[in-house]
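So the structure is just underneath, and the comments pick up after that.
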Ligand SMILES: NC(=O)c1ccc[n+]([C@@H]2O[C@H](COP(=O)([O-])OP(=O)(O)OC[C@H]3O[C@@H](n4cnc5c(N)ncnc54)[C@H](OP(=O)(O)O)[C@@H]3O)[C@@H](O)[C@H]2O)c1
């Protein structure tokens, strides 16, 4: 079984190492030896340390490598939309199975890859694209196919989880925690894709597509990052017995006409400390799946890093290699449900709102009136003097309101009207709340 490896960086280098170290076991598991036919890279002269591989295998011509007759399986660990899309479509149409870790491409145009796989009768596997080493996509696309998934809630970006965990542990602000993450190698020099939620949104699209048998692209995902989360927000969450996590949430719903829909979003949210995702610290990932018959399931582990990601890539390589030897193909894409994606404004969420208000009679009623006007029901209210002020002095007071579930648009409109009230000196924090607070 001959492999074309596209990319030999953080993940590709580990794929080469594991293929070498475990060659006998892999051959036994597959039923034939796995051999590298070639390795495509951008720079032939790059120092790759002591890779256990014949240097003559390296090439800068990925397409030429893919087209070779002696290549059975293409493993893509380059990343990005183009030229990767062109390579993989070419390989799949030619009947060569593909294993990829490319979440950006799958979330942008997974449909093109699935169509090419169907055309060429080839397998397309991508376990490494979401949550690194954690076996997650195979359970969604195989083990849970006898069930009905209702909701997927995940921490799928290690960088942001490291930053939020550090803010929670030390009281640091976002900038300080990001600096620590960069120093320790958890954040890239340009952290935009992580801290603005793009990476998590790509993964959310892939998870939603598999969980709900519907093509969901990154553009369908409502996305908010963590750059606006403050030390005060984290302190507010703590006071409520909660912590803040960047969550990816994909949930079934029903629209006004009674049709089933799906809502997919990525944003920071408060979750209670007794929620299974609250204890997921450092750069770890975890995904919480709720299904009608199975109930609650939790998948936890390392979501990134060369070796953990290569573990997932190799698992896929073994699966597609076995299929080829047996002359079979895995089940094709399951997108039959074709649910429509509900906009964020219609998503049902809860808000935690902290206000700095004037401490005088009637304030509470005026604030409650705004919520009522927008049809948002209040679950709890906590009021106390603002730091340094005397109760009843007419100076500022802190008001913390947690709502019941309401459409996100109604909550956003409530907050915007609160900001305009003269008795509201400032809206100090607005956070969505997930789980039973
Ligand atoms: N790193 C992780 O922890 C992780 C986790 C999950 C998924 N992934 C995904 O895995 C993929 C690879 O990530 P990585 O961290 O291994 O990236 P990386 O370290 O930047 O490696 C990229 C590799 O692709 C090669 N390459 C880039 N452009 C090329 C071109 N035009 N033609 C041929 N080769 C080209 C590079 O060649 P040179 O070596 O010559 O520069 C390098 O070997 C991405 O899709 C990423 O999202 C990564």
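The values are calculated or read from the model by the stated rules, or taken from the named source; none is laboratory data. All values reported here derive from a predicted model rather than from experimental measurement. Here the Cβ positions follow ideal geometry from the backbone for every residue, glycine too, while neighbour counts run over all protein chains shown.
Take residue 65 and tell me if it is outside any strand (DSSP E or B), away from the ligand (no atom under 15 Å from the Cβ) and crowded, with 18+ Cβ neighbours inside 10 Å. Here the answer is no, as residue 65 does not meet what is asked. If you go through segment 360-381 and keep only what is assigned to a helix (DSSP H, G or I), more than 12 Å from residue 417 (Cα to Cα), free of Cβ contacts under 8 Å to residues at least 60 places away in the same chain and in contact with a strand residue (DSSP E or B) (Cβ under 8 Å, 6 or more places away or on another chain), you end up with just 364. If only residues of segment 49-62 that are closer than 24 Å to residue 312 by Cβ and in a helix (DSSP H, G or I) are counted, the one that is nearest to the chain's Cα centre (by Cα) is 62. So residue 18 clears everything in (1) touching a helix residue (DSSP H, G or I) at 6+ places or on another chain (Cβ under 8 Å); (2) without any contact (Cβ under 8 Å) to a residue 40 or more places away in the chain; (3) away from the ligand (no atom under 13 Å from the Cβ) except one condition, right? Which one? Residue 18 satisfies all of (1) touching a helix residue (DSSP H, G or I) at 6+ places or on another chain (Cβ under 8 Å); (2) without any contact (Cβ under 8 Å) to a residue 40 or more places away in the chain; (3) away from the ligand (no atom under 13 Å from the Cβ) except (2). Tallying residues that are under 15 Å from residue 333 (Cβ atoms) and surrounded by 24 or more Cβ atoms within 10 Å (Cβ to Cβ) within segment 85-104 yields 5. Residue pairs whose Cβ atoms lie under 7 Å apart, separated by 6 or more positions or on different chains, with the first residue in segment 321-349 and at positive phi and surrounded by 15 or more Cβ atoms within 10 Å (Cβ to Cβ) and the second in a helix (DSSP H, G or I) and at pLDDT 95 or above, do not occur.
Can you pull out every residue in segment 49-62 that is more than 9 Å from the ligand (Cβ to nearest atom) and surrounded by 11 or more Cβ atoms within 10 Å (Cβ to Cβ)? Give the derivation first.
Kept after step one, since they are more than 9 Å from the ligand (Cβ to nearest atom), are these residues of segment 49-62: 49-57.
Answer for segment 49-62, where residues must be more than 9 Å from the ligand (Cβ to nearest atom) and surrounded by 11 or more Cβ atoms within 10 Å (Cβ to Cβ): 51, 53, 57.
Residues considered: 140, 178. Of these, the only one that is in contact (Cβ under 8 Å) with a residue 60 or more places away in the chain and part of a helix (DSSP H, G or I) is 140.
On inspection, residue 268 qualifies as away from the ligand (no atom under 16 Å from the Cβ), outside any loop (DSSP other than H, G, I, E, B) and in contact with a strand residue (DSSP E or B) (Cβ under 8 Å, 6 or more places away or on another chain).
Might you check whether a residue that is assigned to a loop (DSSP other than H, G, I, E, B) and out of contact with any strand residue (DSSP E or B) (no Cβ under 7 Å at 6 or more places or on another chain) occurs anywhere in segment 232-253? If you could, list the steps in order and put the result at the bottom.
If we filter segment 232-253 for residues that are assigned to a loop (DSSP other than H, G, I, E, B), which is where we start, we get 240-241.
Applying the additional criterion that residues be out of contact with any strand residue (DSSP E or B) (no Cβ under 7 Å at 6 or more places or on another chain) yields none.
Scanning segment 232-253, I find no residue that is assigned to a loop (DSSP other than H, G, I, E, B) and out of contact with any strand residue (DSSP E or B) (no Cβ under 7 Å at 6 or more places or on another chain), so the answer is no.
Just one of (1) buried (at least 17 other Cβ atoms within 10 Å of the Cβ); (2) in contact with a helix residue (DSSP H, G or I) (Cβ under 7 Å, 6 or more places away or on another chain); (3) in a helix (DSSP H, G or I) fails for residue 411. It is (2). Of the set (1) more than 9 Å from the ligand (Cβ to nearest atom); (2) touching a residue at least 40 places away in the same chain (Cβ under 8 Å); (3) in contact with a helix residue (DSSP H, G or I) (Cβ under 6 Å, 6 or more places away or on another chain), all apply to residue 89 but (2).
Filtering segment 99-113 down to residues that are closer than 16 Å to residue 320 by Cα and in contact (Cβ under 8 Å) with a residue 60 or more places away in the chain, which residue is farthest from the ligand (Cβ to nearest atom)?
So the residue we want is 99.
Listed by first and then second residue, the pairs with beta-carbon distance under 6 Å, at least 6 apart or on different chains, first residue in segment 4-15 and at positive phi, second modelled with pLDDT under 95 and near the ligand (Cβ under 8 Å from one of its atoms), form an empty list.
Screening residue 304 with (1) under 31 Å from the mean Cα position of the chain (by Cα); (2) more than 16 Å from the ligand (Cβ to nearest atom) gives one miss only, at (2). Looking only at residues in segment 24-48 that are over 18 Å from residue 99 (Cα atoms) and not in a loop (DSSP other than H, G, I, E, B), the one that is nearest to the ligand (Cβ to nearest atom) is 25. Out of the residues in segment 138-160 meeting the condition of being touching a helix residue (DSSP H, G or I) at 6+ places or on another chain (Cβ under 7 Å) and within 12 Å of the ligand (Cβ to nearest atom), tell me which one is nearest to residue 264 (Cα to Cα). The residue in question is 156. Here residue 154 meets each of (1) within 17 Å of residue 282 (Cα to Cα); (2) assigned to a helix (DSSP H, G or I) with one exception, condition (2).
Screening the candidates 82, 119, 76, 108 for the property of being buried (at least 21 other Cβ atoms within 10 Å of the Cβ) and either within 22 Å of the chain's Cα centre (by Cα) or over 19 Å from residue 317 (Cβ atoms) (or both) yields one hit, 76.
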